[in-house]
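Below is one structure; the comments refer to it alone.
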Amino acid sequence: MKQKFKKATGRVAYINARLLDPASDLDVAGGVLSDGESIADFGPHLVNADGLSDEVKVIDCKGACLAPGLIDMRVQLREPGEEHKGTLKSAGISATSGGITSMVCLPNTTPVTDDMSVVEFVARRARKLGLTKVYPYGAITQGLQGNEMAEMGMLAESGAVAFTDGIRALASPKVMRKALSYARNYNLLLVQHPEEPSLADGGHMNAGDLALRMGLTGIPSVAETIMVARDVRLAEDTNGRLHFAHISTAESIGIIRRAKERGVKISCDTAPPYFSLNELAVGDYRTFAKLSPPLRSEEDRQAIIEGLKDGTIDVIASDHAPEDEDSKRLPFAQAAFGGAGLETLLPITLELYHNKHLSLLQALKKITSEPADLLGLASGRLEKGAACDLVIFDPERGWKIDSDQLTSKSKNSPFDGRLTQGRCLRTVIDGRIVFEL
Amino acid sequence: MSTRDRELRFTHRHLLGIEGLYPFEITDILDRAEVYAAQNRKRAAVPALLEGRTVINLFFENSTRTSTSFERAAKRLGGDVITMNVQTSSIKKGETLIDTASTLNAMHPDVLVVRHGDSGAVKLLSQKMNCAVLNAGDGTHEHPTQALLDALTIRRRKGNITGLTVAICGDVLHSRVARSNIHLLSAMGARVRLVAPTTLLPSSMAVLGAEVFHDMREGLKDVDVVMMLRLQKERMEGTYLPSQREYFHFYGLDYDKLLSAKEDALIMHPGPMNRGVEIDSDVADDLERSAIQEQVEMGVAARMACLEVVTANFDAWRLENEQ
């Protein structure tokens with residue numbers, strides 16, 4: 001495959017913006033000056049084009065927000081292996097239209113990312129596309145089978161940024177303990193999908209009154225909480241670095257909050273559906289709202305918001321899981337889990353700001369500098385000399401999410417029809433404008 | 001013999017481990033071994049201190065080099081040696097360790113050399129035997145004669161043990177060689193470093209008095225001696241380590257990693273080696289720096305010294321108790 005784009009050259013000034021840098025709590029009228037692929041300068045003095053030489057191309061942001069490009073730390077790409085559901089290219093287009101400039105993809109492809117060649121394949125393909133930058137997770141266990149450890153040290157050397165068994169929980173406490181310990185050799189972060197498989201097996205939605213009425217087998221919230229509790233102890237015992245993906249229950253938040261107070265090296269994220277929807281969304285057997293973990297109760301949703309407010313939850317990730325029509329237009333029990341989420345990460349996260357749960361900078365932090373710091377990525381903040389990855393967005397612009405209008409190859413959004421506020425206007429990657437509304 | 005002389009000797013009836021030995025006891029054995037080493041090299045005659053004595057080699061685990069080394073040592077000193085490999089003998093057929101002890105007692109041995117797969121088994125046997133007992137390796141606990149032969153090799157090459165920095169690298173968790181060496185080297189005033197991935201080296205190993213490293217280059221920085229340990233195949237298939245190639249990449253001893261050690265660092269391995277797993281062939285066969293062959297040679301000398309002292313001590317003990 002040939003490189004599909006030309007590298008950015010010359011200088012571009014993005015002026016007249018509300019300049020936001022969550023990492024340094026910067027929120028001023030200003031602008032950014034790029035030189036080729038990197039940021040040359042930024043600050044309030046760039047609010048207008050005064051003093052810039054004529055060769056600088058000027059882009060007027062017209063008062064819109066200008067922030068570091070978003071980082072999405074949990075995305076399923078279906079390439080290699082299931083290209084009919086999504087490709088690196090379709091995900092790249094979808095992510096750039098959502099303002100995401102870096103994403104981290106799970107290892108559950110075919111073949112599984114438990115081998116250095118897959119890490120290099122994904123990185124090389126994504127680089128040549130020139131869309132959203134892709135960083136791969138490596139597998140914790142060989143073939144994601146949960147038994148023998150994968151070559152985490154060598155995978156990390158070839159570019160895996162962290163390790164996870166993807167949408168599978170690492171169930172064996174013995175293997176988890178060994179893996180946490182082994183990962184410490186190279187200071188690697190492990191990411192767990194916290195769900196006790198024996199309790200989740202055969203379930204399709206949150207266990208509770210609604211599941212009983214609908215006649216569906218439920219997945220109890222304790223499936224999540226016991227694994228969170230177990231892994232907190234294992235992380236404490238091994239002194240390993242552990243991150244919980246898509247936390248969905250109130251009880252998990254409590255356990256994580258107390259563990260953090262004790263100084264255990266853990267972190268966690270949640271996905272937009274878990275603070276913006278509850279189990280009622282699956283009423284009427286809507287398979288697009290069939291997610292893993294399942295949408296929980298209203299009390300859980302409110303606890304997730306509290307967790308985001310007090311910092312117990314560090315990151316918001318889209319948990320993008322493209323599924324084609326054939327996998328979703330099925331009786332509820334037979335339909336696949338998961339929702340497309342790249343394009344809705346920004347507006348749904350901004351709901352936290354509009355609903356006054358978080359400030360604009362606090363909300364952005366969870367999709368920029370927090371995931372960058374956790375994964376050791378250089379992006380996610382404004383820095384002179386760093387790659388010029390930017391998002392320009394209007395936080396107030398209202399729009400209706402329409403699945404059919406999504407650029408994602410698979411259209412399985414749980415937010416179809418939702419009225420929302422905040423839209424990405426332009427996305428810049430390495431100094432190139434890759435999306436314009 | 002003056003009181004002082006007696007105090008400076010190794011006076012135990014058995015040699016079950018290095019832990020708890022005083023430096024002078026270790027030095028006593030090493031000094032005697034040094035003499036044997038010189039005589040062995042010259043193929044010179046040695047005093048037949050074990051003439052008319054019976055040494056039983058009882059190996060519950062397969063071993064070639066240790067059992068051969070003990071056999072050679074006992075024969076050099078004129079002793080009668082019976083080597084029993086329990087893997088293939090009738091003792092194994094349901095007999096308890098205590099019953100084995102009674103059986104062997106009936107043969108009136110003077111020294112029993114034992115290797116057993118369970119930690120502490122040699123100690124249990126020693127409590128029931130009417131002879132001296134030498135531990136030739138018990139489980140993942142101790143292998144005292146290996147530590148003594150390693151010390152002898154280091155002393156001959158480096159002149160002294162005190163003040164040296166020694167890195168023990170590899171499967172420390174499952175290694176009796178490592179445990180005995182840690183005790184001996186720290187008793188003799190060397191600084192001991194342990195180097196291995198976290199799964200083979202819990203940080204609590206530091207309680208043994210060694211520094212713990214998980215990065216090979218850091219751990220080898222400026223060391224005088226690099227001791228590699230054998231890695232069992234079954235540990236490399238995902239339970240303790242992801243793979244053989246990942247282990248070699250990060251923890252295998254090659255010239256590149258050896259660069260951080262002192263230029264004249266001594267390379268040791270208790271054998272048998274897994275070439276390309278824990279040690280690169282070039283390094284293992286480096287005539288200048290590798291002491292691996294010499295370790296085997298020193299094994300016989302060290303074991304001769306051990307047989308000499310425990311036989312004498314057992315005689316003294318019997319004399320005292322029979323009076």
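Where a number appears in this text, it was derived from the coordinates with a stated rule and is not lab data. Note that the structure is predicted; figures quoted are calculated from it, not measured. Here Cβ is always computed from backbone atoms with ideal geometry, including for glycine, and neighbour counts include all displayed protein chains.
If you split all Cα-Cα distances of chain B into 20 Å bins from zero, what percentages do you get per bin, shortest first?
Spelled out bin by bin, chain B gives 32, 57, 11, 0 percent.
May I ask for the Rg/Rh ratio of the stretch B:250-312, computed from Cα atoms with Rh as the Kirkwood radius, given to two decimals?
Working: Rg = 14.8 Å, Rh = 13.2 Å.
Dividing the radius of gyration by the Kirkwood radius yields 1.12.
On the first, second and third principal axes, largest extent first, how far apart are the outermost C-alpha atoms of the stretch B:11-99 in Å?
That gives 43, 33, 24 Å along the principal axes, largest extent first.
Three principal axis extents, largest first, for the C-alpha atoms of the stretch A:331-379, in Å?
41, 30, 15
Put a dot 7 Å past each Cα toward the Cβ at B:Asp118 and B:Leu319; how far apart are the dots in nm?
Between B:Leu319 and B:Asp118, the label points sit 3.7 nm apart.
Taking the alpha-carbon distance from A:Lys6 and a cut-off under 16 Å, which lysines remain once sequence neighbours fewer than 8 residues away in the same chain are dropped?
Counting by Cα, and skipping residues close in sequence, A:Lys6 has these lysines nearby: A:Lys128, A:Lys133.
Give the average over all directions of the projected area of the C-alpha convex hull of the protein assembly as shown, one decimal, in nm².
Details: hull surface 163.4 nm².
That works out to 40.9 nm².
Please give, to one decimal in nm, the separation of the simple spin-label points placed at A:Ala333 and B:Leu97, each 7 Å out from Cα toward the Cβ.
5.7
Consider a paramagnetic label point 7 Å from the Cα of A:Glu396 along Cα→Cβ; state which residues of the stretch A:333-377 have an amide N under 18 Å from it.
Only A:347, A:350-356, A:359-361 fall inside the zone, counting backbone N under 18 Å.
For chain A, build the convex hull from the C-alpha positions and give me its volume per residue in Å³.
125
Hey, can you rank B:167-175, B:14-22 by average C-beta count inside 10 Å, highest first?
Going by the mean number of other Cβ atoms within 10 Å, highest first, we get B:167-175, B:14-22.
Grab the beta carbon distance between B:Val207 and B:Lys75, set R0 = 41 Å, and tell me the FRET efficiency rounded to 0.05.
Approximately 0.50, to the nearest 0.05.
I want the local charge near A:Met149. Using Cβ-Cβ distances under 10 Å, sum +1 for each Lys or Arg and -1 for each Asp or Glu among the other residues.
-4
Go ahead and run the numbers for FRET between B:Met107 and B:Ala44, Cβ-Cβ distance against an R0 of 41 Å, rounding to 0.05.
Here the calculated transfer efficiency is 0.80.
Within the set of other residues whose C-beta is less than 12 Å from the C-beta of B:Ala190, count the net charge using Lys and Arg as +1 and Asp and Glu as -1.
+1
Compute the distance from the alpha-carbon center of the stretch A:209-276 to that of the stretch A:321-351, in whole Å.
21
Tell me the trypsin sites (Lys or Arg not before Pro) within the stretch A:1-94 that lie in a loop according to DSSP and have at most 12 other beta-carbon atoms within 10 Å.
Loop-located and lightly packed - A:Lys2, A:Lys4, A:Lys6, A:Lys7, A:Lys62.
Placing unit charges on C-beta atoms (Lys and Arg positive, Asp and Glu negative, everything else neutral), compute the dipole magnitude of chain A about its Cα centre in debye, rounded to 20.
On the way: 51 positive and 58 negative charges, 95 e Å.
Rounded to the nearest 20 debye, it is 460 debye.
How long are the semi-axes of the equivalent ellipsoid of the stretch A:71-154, taking √(5λ) for every eigenvalue λ of the Cα gyration tensor, in whole Å from largest down?
Each semi-axis is the square root of five times an eigenvalue, giving 23, 12, 11 Å.
Would you be so kind as to identify which of B:Met273, A:Ile39, A:Phe275 lies farthest towards the positive end of the dipole of the protein assembly as shown, taking Lys and Arg as +1 and Asp and Glu as -1 on Cβ and the Cα centre as origin?
Farthest towards the positive end: B:Met273.
Any idea how far apart B:Ile82 and A:Arg258 come out in nm if each label point goes 7 Å out from Cα toward Cβ?
About 6.3 nm separates the two model spin labels.
I'd like the orientation of helix B:65-76 relative to chain B: the angle between its Cα long axis and the longest Cα principal axis, in ° from 0 to 90, rounded to 10.
40
Working only with C-alpha atoms, what are the Rg and Dmax values of the stretch B:97-188, expressed in angstrom?
15.6, 47
How big is the stretch A:312-437 by the Kirkwood estimate over distinct Cα pairs, in Å?
It works out to 16.1 Å.
What percentages, rounded to whole numbers, describe P(r) for the stretch A:237-353 computed over all alpha carbon pairs with 10 Å bin width beginning at zero?
14, 42, 30, 12, 2
Where the only charges are on Cβ atoms (+1 Lys, Arg; -1 Asp, Glu), what is the dipole of the protein assembly as shown about its Cα centre, to the nearest 20 debye?
740
Around B:His174, what is the net charge, scoring Lys/Arg as +1 and Asp/Glu as -1 over all other residues with Cβ under 11 Å from its Cβ?
Computed value for this residue: +2.
In Å, the Kirkwood hydrodynamic radius of the stretch A:279-322 over pairs of distinct alpha carbons?
It is 11.9 Å.
Which entries of A:Lys265/A:Lys356; A:Lys178/A:Lys260; B:Lys42/B:Lys158; A:Lys62/A:Lys85; B:Lys42/B:Lys123; A:Lys89/A:Lys411 show an alpha-carbon separation above 26 angstrom in the structure shown?
Beyond 26 Å between Cα atoms: A:Lys265/A:Lys356; A:Lys62/A:Lys85; B:Lys42/B:Lys123.
For B:Arg191 and B:Tyr255, what does the FRET efficiency come to when R0 = 22 Å and r is the distance between their Cβ atoms, rounded to the nearest 0.05?
E between B:Arg191 and B:Tyr255, to the nearest 0.05, is 0.40.
Take peptides B:184-191, B:77-84, A:270-277 and line them up by average Cβ neighbours within 10 Å, highest first, as a rough protection proxy.
So the peptides B:184-191, B:77-84, A:270-277, ranked by packing, come out A:270-277, B:184-191, B:77-84.
Calculate how many DSSP beta bridges within the protein assembly as shown are antiparallel, expressed in % of all such bridges and rounded to the nearest 5.
The answer is about 35 percent antiparallel.
Among B:Glu234, B:Glu25, B:Glu308, which one shows the highest mean-square fluctuation when chain B is modelled as a Gaussian network with alpha-carbon springs under 10 Å?
Ranking B:Glu234, B:Glu25, B:Glu308 by mean-square fluctuation puts B:Glu234 first.
Using only the Cα atoms of the stretch A:23-178, what semi-axes does the equivalent ellipsoid have when each is the square root of 5 times a gyration tensor eigenvalue? Give whole Å, largest first. Mind showing how you got there, number by number?
Numbers: eigenvalues 302, 56, 37 Å².
Over the Cα atoms of the stretch A:23-178, the semi-axes work out to 39, 17, 14 Å.
Would you mind calculating the relative contact order of chain A from Cα pairs under 8 angstrom and at least 6 residues apart, reporting the percent as a whole number?
Numbers: 1088 pairs, mean separation 83.7, N = 437.
Taking the mean separation of contacting Cα pairs over the length of chain A, I get 19 percent.
What whole-number distance in Å separates the alpha-carbon centres of the stretch B:119-184 and the stretch B:249-320?
Taking the Cα centre of the stretch B:249-320 as reference, the centre of the stretch B:119-184 is 11 Å away.
Percent relative contact order of the stretch A:320-384, based on C-alpha pairs within less than 8 angstrom and at least six residues apart?
About 20 percent, as a whole number.
Expressed as a whole number of Å, what is the distance separating the alpha-carbon centroids of the stretch A:118-197 and the stretch A:369-437?
25
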